[in-house]
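The values are calculated or read from the model by the stated rules, or taken from the named source; none is laboratory data. Note that this is a predicted model, so its numbers are computed, not measured. Cβ placement follows ideal geometry from the backbone for every residue including glycine, while neighbour counts extend to all protein chains displayed.
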Amino acid sequence: MRAAVLHAIEDIRIEVQPTPTPAADEVLIRVDSVGVCGSDLHYFFDGHSGSSQITSPTVIGHEFAGVVVQTGAGIDPARLGERVSVEPGIACRHCRECVAGRYNLCENMHFLGAAPINGALRQYISVPATNAFTLPDSVTADEAAMLEPLSVAMWANEKARVKLGDRVLVTGAGPVGILAAQVAAARGARDITVVDTNPARLDLTRQLGPFIAVDPATWTHSPAQVDVLIECSGSPQALASVVTQLAPAGKVILVGLGPDTVSFPMNIIQEREITIMGSHRYRGMWPAAIALVADGAIKLGPLITDHFGLTETGKALRQNREHPTSMKVIIHPNLATKKKDRQ
Ligand SMILES: [Zn+2]
Ligand SMILES: [Zn+2]
């Protein structure tokens, strides 16, 4: 099979590798769609994402979907031919966090596509059968690849317990930010505002729900009107510019990957009893994510802007970084090349 292997900064090569054989508890998947994530761009352009470094050749890609083409000895062969979306985090199930039911914080997490663990930018991958979720016909492979960022957005809303009537502010109108706004709307939030400096992203946000989408520079607003701030930009400036918006007892949930340190006005946190929370990936989101997309409560299709084949992986990553209208890029590992505007 062919795989896109990242060797070093901006050095990705298409190589032939042996097709994996599924272990007893695994299924082999033909990968049809892989979404490009901000972390993939960090690996490609910076050589690392957070603290994970590219130290040896690695196949990146963790947002993916495909078809089961082989089952391990312990798996019901009835799963052959099933269309599936894969949760890429494989938890150990025996560490302290796993035993406590917090598997997203697993101390031994094996996360596909997080260096040095190989991910999905290849024709075939084997994964534990329990990580491969069956899709209804109404959810496309491209949408199914996006269940991963949707799960990030759902988990952030879940952690912040966004509820009926909450006034929600989202900073950053990338895929996760727009999805966080859609999820907040599905949970009954109101006055959902999304701030970003990219006009194309603000336009797209407006098309996807009753959202106020604004550039922070031109935003006029009264302070202390936000119950939940979902930070999806990773930009300390974005965070600092909206902190005064937090209402008493407001919550801040951090989703975007930013710099290590950020300055924050402590008096506001103190006087308004603000809670600041981290949000790490997700747990237990896939079944609900599939249902929300199948029901049309969450729209993923409009976020998908570009399609590429496996040999165009480098081009796909550059397109996503350089083009302001590029939102979610999908790579199709079983196609060598792909016309940009499919359908
Ligand atoms: Zn991702
Ligand atoms: Zn664990």
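Details
- The one condition in (1) out of contact with any Gly (no Cβ under 6 Å at 6 or more places or on another chain); (2) within 27 Å of SER263 (Cα to Cα); (3) surrounded by fewer than 22 Cβ atoms within 10 Å (Cβ to Cβ) that GLY188 fails to fulfil: (2)
- A single entry from VAL242, VAL226, VAL262 fulfils the requirement of being closer than 19 Å to ALA189 by Cβ and modelled with pLDDT under 95: VAL242.
- Some residue of the stretch 310-326 being closer than 19 Å to GLN182 by Cβ, touching an Asp or Glu at 6+ places or on another chain (Cβ under 6 Å) and either of a type outside the set (Val, Ile, Thr) or in a helix (DSSP H, G or I) (or both): no
- In the stretch 8-28, the condition of being hydrophobic (A, V, I, L, M, F, W, C), within 16 Å of ligand 1 (Cβ to nearest atom) and crowded, with 21+ Cβ neighbours inside 10 Å is met by no residue.
- Candidate set: the stretch 91-112, residues that are among the hydrophobic types (A, V, I, L, M, F, W, C) and near ligand 2 (Cβ under 6 Å from one of its atoms); chosen: the one surrounded by the most Cβ atoms within 10 Å (Cβ to Cβ): ALA91
- Of all residues in the stretch 24-62, exactly one satisfies the criterion of being touching a Lys or Arg at 6+ places or on another chain (Cβ under 9 Å) and among the charged types (D, E, K, R), namely ASP32.
- Breaking point among (1) more than 21 Å from the chain's Cα centre (by Cα); (2) closer than 19 Å to TYR282 by Cβ, for GLY38: (1)
- Condition check for LEU204: farther than 15 Å from ALA189 by Cβ, out of contact with any helix residue (DSSP H, G or I) (no Cβ under 8 Å at 6 or more places or on another chain), surrounded by 13 or more Cβ atoms within 10 Å (Cβ to Cβ) and not small (Gly, Ala, Ser): no
For (1) away from ligand 2 (no atom under 16 Å from the Cβ); (2) within 19 Å of GLN123 (Cα to Cα); (3) buried (at least 16 other Cβ atoms within 10 Å of the Cβ), each residue gets a yes or a no:
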{"position": "ASP32", "(1), (2), (3)": "yes, yes, yes"}
{"position": "HIS42", "(1), (2), (3)": "yes, no, yes"}
{"position": "SER51", "(1), (2), (3)": "yes, no, no"}
{"position": "SER56", "(1), (2), (3)": "yes, no, no"}
{"position": "GLU63", "(1), (2), (3)": "yes, yes, yes"}
{"position": "PRO77", "(1), (2), (3)": "yes, no, no"}
{"position": "GLU82", "(1), (2), (3)": "yes, yes, yes"}
{"position": "VAL86", "(1), (2), (3)": "yes, yes, yes"}
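- Residue that is nearest to ligand 1 (Cβ to nearest atom), among those in the stretch 144-163 that are surrounded by fewer than 24 Cβ atoms within 10 Å (Cβ to Cβ) and not in a helix (DSSP H, G or I): ARG161
- Answer from ILE290, ILE230, ILE298, ILE269 - the residue that is crowded, with 16+ Cβ neighbours inside 10 Å, on the phi < 0 side of the Ramachandran plot and part of a strand (DSSP E or B): ILE230
- Members of the stretch 99-117 found to be in contact (Cβ under 8 Å) with a residue 60 or more places away in the chain, among the hydrophobic types (A, V, I, L, M, F, W, C) and part of a helix (DSSP H, G or I), listed by number: LEU105
- One residue from GLY61, GLY50 being closer than 22 Å to MET146 by Cβ, at pLDDT 95 or above and either within 16 Å of ligand 1 (Cβ to nearest atom) or among the small types (Gly, Ala, Ser) (or both): GLY61
- Pairs, first more than 13 Å from GLY284 (Cα to Cα) in the stretch 129-158, second among the acidic types (Asp, Glu) and part of a helix (DSSP H, G or I), C-beta under 9 Å, six or more apart: LEU135/GLU143
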